[in-house]
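This report refers to the structure that appears directly beneath it.
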Amino acid sequence: MLDDADSLLGRLHVAKARFDHVEPFSLDLFKGFSSLRALTYSVSIPMITRLMREVGFDELEVVFGHAGLINRTVEDVLSFQHVVEDLQNQALVTSLDDEKRQELFDSVAAGKTRFYVVKDAAISHAKIYLLENSHTNRRRVVVGSANLSEQALSGKQAETLLAFDDDDAAWAHYCAQYEAVRDTATSKLELRPQPLPALDLAEIPALKEALEDERETGVTIFTPPVTSAEELTFQVVEHKVERIRDYVRKDIGDQRPDRSGNVVLNRHVIGQIVRLSRSRTRENEAEQNTWLTINPDRQSINLSGKQINLEADWPQVRGDTACWLEFFDNYGKGFSGDVPRLQRDYFTFMSWFYFSPLLCELRDAALRQNMSSFNHPMFAVMHGDSSCGKTTFIETLMTSMFEFWQRLEPSQFTASNLRALRHSYRRFPVFFDDITRDRFNRYGEEIIKDPNTPGVEYPCFVISMNANARNFKTEVIKRCLMIYTRTYIPGDRIVERNQLQRSVTGIRSRLTTSLYREYLRRILAVIDGMERSDAGDADVLELSSGVLRNLINEAKPDGAVLPQWCQQTSLIEYQERAFERPKLLLENLISKDRYSKRRNPPESYWSLRDNQVVVNAGTQELRSLRTDIPDWILDDTSSVAGLLTLKRKELEDFLGVRSLKPRNPLQRFLSAGR
């Protein structure tokens, strides 16, 4: 037997056992016992709450650990502890009803329910479940590969569990291993009714222990050498750790491990770190763990733990409406280009964005009926000139919805973060600003085309880019709301720019959430009155813009005329506008001035060849055309070097012409066919 704590923690062990029989897993494995002590490699709140509901224990103790997150630096360890404590508080407190929640707090206060998080060299991959019945002296040890999580215990992935019933030797060994981890390598987590409002380093378990320890010993945090990165099981935790790691790194300063890999933080150093942390001004979005859910009663929403009633004060609704009318009117003051088009497109986006917390419901309804999800775009891409007001518009929309705006840095636009955000934000829209084309192509396309749903509630994504309308693949355009504008404020209009900025600042200071809450109340009533089949087939733009248009019309100032941009729209109308640029490009390309009767036309000319349209252009122009023209029109099966071949029938349908005839100038039959 191994009873030395260092031996139990530091080596790979082999338990000699005999096989008896195998049976399917169920939660019955945990029933009939009065206490559970669990060491689980992954954060597994859903299964813990399920055990509380369905099994029930007089005593429950859980140790959380995940080496994939804490195998590098001291700031990783501290960030992980902060995130796990906050996650377990949010999930435990918000997932239980009032009675169960009170029982949980009473149990924690009595010391019957306890949670710990790893901090030290004993980062454990082991999964150990110690079950005991204090009344009958019955004992069971369960070990193996399965974490205490819904995913691992669902039967959907290959896992192995071994059970030892009333085996004194197994009980003694695994109790010793469990206690070695818990007693020497963990910090105890607290349970709070609400998550901390900000990142307070003094509340991180390891540092809090050291500050409260009168022995002046401080805390030692082990940081093992960098090894090959492991795949993270829970991307939500990874995302949250990445969000706060930089802030922790700034506050802890230049704390480096010694030759043994230990970073010793004494009370004096910890005091300096905490004072620096509390004096540092951070952006709101870095301090918040933001999420949004709609309560089952449909009468309120829960924004990061705060209940918000949907009943709105009508005078405030009218005030918000006046603010938005002023906001849209500003586009006619200093902007160059097609301002009416910009206003219509931005109202289309507003209709989608206001509806975005509900899109997951309609999308799931469509998928359950095997319908296409294209009518429920979960991504919106706003792109165009850097001075067209994209960012300001989105920030103002978020302010009108939640009283604050929140955007993520471009560096967080990664594959793992995008998937993690789908879990952690629930229904709260995710906004990325100033994403480059390369980053979008590298990380965005995969998740945009992913048909899987991450859960019951998941968010929409908004991506703002300073880019033109080229190089977006058809698969992306079909699945996204694409808003492109060439309307902008010229750089030399400094006076107008400053006036508009002051106007926007004033509008935001007057905006409340009343208009949006009234909108939500009305739109939820419409959705709840639908048949399930209608919900799956609903046109979200038509639905949302209709409710929003009617609400603005009712609440507009007395005597005001409803502007042209505030009109009901639909996905069909939007889709026609979404392909306007490639249509204009093709109309200019296949013009009468560029037609040639020769089968091998000179450069920059086109000709007809049976069921094909052949375009001859310069190499650089051809490369651009291939990215701009919809892929279903391109005929790659018969392409020739230096020529671009298009499918004649598909081109005619796209341009809305009856027949592409060489004897007729293009503009004649374009107008005749429309």
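The values are calculated or read from the model by the stated rules, or taken from the named source; none is laboratory data. This structure is a prediction, so every number in the text was calculated from the model and none was measured. Cβ placement follows ideal geometry from the backbone for every residue including glycine, while neighbour counts extend to all protein chains displayed. Only protein heavy atoms, including side chains, enter the accessible area calculation; ligands, DNA and RNA are left aside. Shrake-Rupley method; radii C 1.70, N 1.55, O 1.52, S 1.80 Å.
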Every pair of residues 6+ apart whose Cβ atoms lie under 7 Å, when the first sits in region 587-612 and is modelled with pLDDT of 65 or more while the second is in a loop (DSSP other than H, G, I, E, B) and open to solvent by 50 Å² or more (accessible area, probe 1.4 Å):
Y595/P662; S607/K597; S607/R598; S607/R599; L608/P662; R609/R599
Could you please find all residues in region 384-412 being among the aliphatic types (A, V, I, L, M) and free of Cβ contacts under 8 Å to residues at least 60 places away in the same chain?
L397, M398
Condition first: within 15 Å of the chain's Cα centre (by Cα) and within 12 Å of F379 (Cβ to Cβ). Can you find one or more residues in region 423-430 that meet it?
yes
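Show me the helices (runs of 4 or more DSSP H) found entirely inside region 368-450 where at least 3 residues are modelled with pLDDT under 85. Spell out how you get there, then give the answer.
Numbers: elements: 390-402, 415-424, 445-448.
In region 368-450, the matching helices (runs of 4 or more DSSP H) lie at 415-424.
Can you pull out the helices (runs of 4 or more DSSP H) entirely within region 485-578 that have at least 1 residues that are touching a residue at least 12 places away in the same chain (Cβ under 8 Å) and over 30 Å from T474 (Cβ atoms)? Quick ask: steps written out before the conclusion?
Details: elements: 494-510, 514-528, 532-536, 540-555, 571-578.
Of the helices (runs of 4 or more DSSP H) lying wholly inside region 485-578, those with at least 1 residues that are touching a residue at least 12 places away in the same chain (Cβ under 8 Å) and over 30 Å from T474 (Cβ atoms) span 494-510, 514-528, 532-536, 540-555.
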List pairs: first residue in region 413-424 and in contact (Cβ under 8 Å) with a residue 12 or more places away in the chain and more than 17 Å from R442 (Cα to Cα), second residue open to solvent by 10 Å² or more (accessible area, probe 1.4 Å) and outside any helix (DSSP H, G or I) anywhere in the structure, Cβ distance under 7 angstrom, at least six positions apart or on different chains.
R422/P454; H423/P454; H423/G455
Give the number of residues within region 19-29 that are open to solvent by 100 Å² or more (accessible area, probe 1.4 Å), of a type outside the set (D, E) and under 11 Å from A163 (Cα atoms).
3
Answer from T505, T512, T569 - the residue that is in contact with a Ser or Thr (Cβ under 7 Å, 6 or more places away or on another chain), β-branched (V, I, T) and either open to solvent by 20 Å² or more (accessible area, probe 1.4 Å) or modelled with pLDDT of 85 or more (or both):
T569
Is it true that R368 is over 30 Å from K333 (Cβ atoms), touching a strand residue (DSSP E or B) at 6+ places or on another chain (Cβ under 6 Å), touching a residue at least 60 places away in the same chain (Cβ under 8 Å) and open to solvent by 30 Å² or more (accessible area, probe 1.4 Å)?
no
Somewhere in region 302-310, is a residue part of a helix (DSSP H, G or I), modelled with pLDDT of 90 or more, open to solvent by less than 40 Å² (accessible area, probe 1.4 Å) and of a type outside the set (D, E)?
no
